[in-house]
Each structure stands twice: as structure tokens, then as C-alpha cells.
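Undergrad: The structure follows.
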Amino acid sequence: MRAAPIFASLATLLAFFSFAPSASAQRARVFVSVLGIDSGSCQATVPCRTFAFAQTAVLPGGEISVLDTGGYGTIIITQALSIVAPPGIEASIAAPQNGVAITINAGPNDKVSLRGLTLDGAGSAQSGIAFNSGASLTIEDCIIRNMTGAGLFFISNTTTTETLSVSNSRFNDNTGNQGVYILSFSSGAVNASFDRAEFSNNHLEGLDVQTGGGTITIAVTDSVAASNGDIAFRINSGNVGAINLSLTHCLIANNSVGVEAAKVNATIWLAQSTLTGNAAGYMAGIGGVVNSFGDNYFVANGPNTGLLGSATRQ
């Protein structure tokens with residue numbers, strides 16, 4: 001009567017070792033396809049089906065390459081890894097209800113790169129990307145939309161420096177909170193950059209940055225924040241950290257507030273940007289500072305709060 005559970009356990013182990021690649025069989029580059037199957041070493045001629053299985057077949061620091069358009073399932077990234085969908089291919093993840101499409105729990109020296117992905121929460125998933133640990137995260141040519149929380153939730157809990165780099169990506173239509181939420185709980189540093197990014201039609205902020213003790217430095221260039229329900233760009237130092245946000249050549253339109261800096265050592269720098277149609281162009285309060293280089297356009301905004309500081313071009 002006891003033989004059945006033993007045989008069942010043996011069958012489970014045999015199945016695992018039949019389908020999961022051994023460490024020696026892992027490759028620097030593996031492939032996924034909608035016609036693939038989750039077995040073997042995910043070679044181009046015999047691709048795998050999901051990102052999660054492909055991670056078991058790729059060496060740390062390697063690449064998962066997408067061969068064709070389709071959905072590839074959620075993944076928890078635990079190592080240095082690149083996921084790449086080339087131009088013309090839409091690699092998507094339909095995040096589950098109250099879930100996360102991509103969770104990053106990588107090591108302190110691990111660099112993660114994501115390119116060409118579409119993450120859709122269908123109005124019920126929590127976040128597109130949740131970065132919990134790792135050395136750096138690079139996002140290129142990605143779309144994150146329809147989440148009930150933040151499209152991208154980047155959290156820092158380390159005393160070292162973590163890096164976030166985003167280019168040519170959109171964080172739109174997130175119905176619960178922010179397009180992007182950056183939060184530091186430690187005394188470490190976060191260096192972030194956004195180039196050609198869009199933060200539009202999010203329920204609250206387009207980009208929301210807060211710290212509980214660390215230093216966060218952010219540069220946003222050639223980007224758009226429009227029609228967000230609350231504040232397009234918001235920083236709050238909590239009086240215990242420091243945040244510097246520079247906005248260069250940005251369009252900030254039709255939000256409740258264009259930009260807000262709150263608490264001591266929270267500073268926004270505006271250059272070559274247009275703020276128009278916002279219920280308030282800027283808010284600087286409780287020690288926060290908004291500086292202008294004098295080459296910005298403030299058009300058809302409602303009443304502002306606080307003083308607009310000046311910055312000198314050199």
C-alpha cells in the first residue's frame with residue numbers, strides 16, 4: 001500500500017531531471033518560440049516555450065532570444081540575464097490577477113536587461129516589473145500598461161549603488177497608481193535615467209520617487225508625461241534622504257500637477273521643457289525646490305504653489 005507514493009516521487013524526480021538542463025548543458029544564448037516546448041537546452045532549432053524555463057537553460061549573464069511574436073509567461077529573474085525581442089517581434093506577458101509579469105530578485109552584482117517586451121495587466125495585475133534586488137536594470141523598447149499598481153516598481157534596499165536605465169519605453173494606462181515608482185529604504189544610492197520615455201494616463205503619478213534615507217539621482221530627457229490623474233513628476237525626500245531630478249526637453253501636459261518637489265533636499269531642475277494645460281504647473285513645498293534654467297515654457301497652467309528658483313547655465 002505504501003509503494004504508490006514512492007513510485008510517484010520517483011516519477012516526479014525523473015521528469016524533473018529529464019526536462020531541466022544540467023549545469024554543464026546550459027548555454028550563453030537560448031531561444032524561445034510559441035511553437036517551442038519546455039525541455040532540453042533551448043537551442044534555436046529546438047526552442048523552449050516560456051521565459052521561466054529558458055532561464056534554467058541559460059548561463060548567468062546570458063541571453064534569452066525571442067524568435068516570434070507571442071506570449072511567454074511570467075518570470076522571476078534570479079541571475080544576471082538579458083531578454084531580447086528584436087524589432088518586428090512582440091514578446092508579451094499577460095500578468096496574472098494581482099500578480100507581477102517580471103520579478104527581479106537578482107544578486108548584488110547581477111545586471112538585468114529587458115528589450116522589446118509588452119507587459120499588459122488587463123486592469124487586474126499588480127505590476128509589470130518589480131525590481132527587488134540586483135546591480136542594474138536596463139529597459140529598452142518596452143511597453144508596460146494596464147496595471148493596478150505601478151507599471152515599474154523599483155525598490156532599493158541596499159547600501160550600495162543600483163542603476164536604472166530606461167529608453168524608448170512607455171508606462172501608460174496604469175489604473176491603480178503610478179507609471180513608474182522608485183523607492184529607497186536604505187542609505188544606498190539609485191542612479192536612474194529615462195530617455196524618450198512616455199508616462200501617460202496613469203491614475204496617479206507618471207513618475208513618483210521617494211526615499212527613506214538614500215540618495216536618488218534621476219535624469220529624464222526627450223520624454224512626455226501627459227494626462228496623469230495626479231502629478232506628472234513627483235519627488236519626496238521624506239526629510240531623511242536626497243533626491244535630484246533633472247527634466248530636459250520634456251513635454252508635461254494636462255496633468256493635475258506638472259512637477260512637485262516636497263521635503264528638504266528634494267530638488268527638480270527644469271531645462272528646455274514645456275509645461276502646459278496642467279491644473280498647476282509646479283508645486284514646491286515643505287522644503288522642496290523647483291529650479292528653472294530660464295529656457296522653459298509655462299503655458300495655460302493653473303496657479304502654482306511655492307517659488308520657482310533659478311539656475312545658471314554655464
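Undergrad: Small (Gly, Ala, Ser), modelled with pLDDT under 95 and within 21 Å of ARG145 (Cβ to Cβ): which single residue out of ALA94, ALA25, ALA3, ALA8 fits that description? It would help to see each step written out before you state the result.
TA: Values: ALA25 fails: within 21 Å of ARG145 (Cβ to Cβ); ALA3 fails: within 21 Å of ARG145 (Cβ to Cβ); ALA8 fails: within 21 Å of ARG145 (Cβ to Cβ).
That would be ALA94, the only listed residue that is small (Gly, Ala, Ser), modelled with pLDDT under 95 and within 21 Å of ARG145 (Cβ to Cβ).
Undergrad: Looking at segment 206-217, I want the residues that are within 19 Å of GLN178 (Cβ to Cβ) and have a partner that is part of a strand (DSSP E or B) and of a type in the set (D, E, K, R) with Cβ atoms under 8 Å, at least 6 apart or on another chain. Which pairs are those?
TA: LEU207/ARG234; ASP208/ARG234; VAL209/ARG234
Undergrad: For segment 268-290, how many residues are under 24 Å from the mean Cα position of the chain (by Cα), buried (at least 21 other Cβ atoms within 10 Å of the Cβ) and over 21 Å from ALA150 (Cβ atoms)?
TA: Count: 2.
Undergrad: When only residues in segment 70-87 that are part of a loop (DSSP other than H, G, I, E, B) and touching a strand residue (DSSP E or B) at 6+ places or on another chain (Cβ under 9 Å) count, which is surrounded by the fewest Cβ atoms within 10 Å (Cβ to Cβ)? Steps first, please.
TA: Taking segment 70-87 and keeping what is part of a loop (DSSP other than H, G, I, E, B), we get 72-74, 78-80, 85-87.
Then keep just the ones that are touching a strand residue (DSSP E or B) at 6+ places or on another chain (Cβ under 9 Å); that gives 72-74, 78-80, 85-86.
Working: TYR72: 25, GLY73: 18, THR74: 19, THR78: 17, GLN79: 17, ALA80: 20, ALA85: 24, PRO86: 12.
Top of the filtered list is PRO86.
Undergrad: Can you tell me which residue within segment 230-240, out of those that are surrounded by fewer than 24 Cβ atoms within 10 Å (Cβ to Cβ) and out of contact with any Lys or Arg (no Cβ under 7 Å at 6 or more places or on another chain), is modelled with the lowest pLDDT?
TA: Looking at residues that are surrounded by fewer than 24 Cβ atoms within 10 Å (Cβ to Cβ) and out of contact with any Lys or Arg (no Cβ under 7 Å at 6 or more places or on another chain), I get VAL240.
Undergrad: For segment 57-69: of the residues being surrounded by fewer than 19 Cβ atoms within 10 Å (Cβ to Cβ) and not in a strand (DSSP E or B), which is nearest to the chain's Cα centre (by Cα)?
TA: Here is the first cut: in segment 57-69, the ones surrounded by fewer than 19 Cβ atoms within 10 Å (Cβ to Cβ) are 59-61, 63, 67-69.
Pick out the ones that are also not in a strand (DSSP E or B) and you get 67-69.
Details: LEU67: 23, ASP68: 23, THR69: 22 Å.
Here the residue is THR69.
Undergrad: Condition check: without any contact (Cβ under 8 Å) to a residue 40 or more places away in the chain, in a strand (DSSP E or B) and touching a Leu at 6+ places or on another chain (Cβ under 6 Å). Does LEU137 satisfy that?
TA: Working: without any contact (Cβ under 8 Å) to a residue 40 or more places away in the chain: yes; in a strand (DSSP E or B): yes; touching a Leu at 6+ places or on another chain (Cβ under 6 Å): yes.
When the stated conditions are applied, LEU137 passes them.
One line per residue, one yes/no per condition, for (1) part of a loop (DSSP other than H, G, I, E, B); (2) surrounded by fewer than 17 Cβ atoms within 10 Å (Cβ to Cβ); (3) small (Gly, Ala, Ser):
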{"residue": "ILE89", "(1), (2), (3)": "yes, yes, no"}
{"residue": "PRO96", "(1), (2), (3)": "yes, yes, no"}
{"residue": "SER113", "(1), (2), (3)": "no, yes, yes"}
{"residue": "THR118", "(1), (2), (3)": "no, no, no"}
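Undergrad: Out of (1) closer than 23 Å to ILE216 by Cα; (2) part of a strand (DSSP E or B), what's the single condition that is false for PHE298?
TA: Among (1) closer than 23 Å to ILE216 by Cα; (2) part of a strand (DSSP E or B), the lone unmet condition for PHE298 is (1).
Undergrad: Can you go through ALA130, ALA125 and tell me which one is under 25 Å from SER92 (Cβ atoms) and not in a strand (DSSP E or B)? Lay out the reasoning, then the answer.
TA: Numbers: ALA130 fails: not in a strand (DSSP E or B).
Within the list ALA130, ALA125, the selection yields ALA125.
Undergrad: Of the residues that sit in segment 191-229 and are under 18 Å from ALA261 (Cα atoms) and among the charged types (D, E, K, R), which one is surrounded by the fewest Cβ atoms within 10 Å (Cβ to Cβ)?
TA: ASP208
The values are calculated or read from the model by the stated rules, or taken from the named source; none is laboratory data. This structure is a prediction, so every number in the text was calculated from the model and none was measured. Quick reminder, even Gly has a Cβ in these numbers, built from the backbone with ideal geometry, and neighbours come from all protein chains shown.
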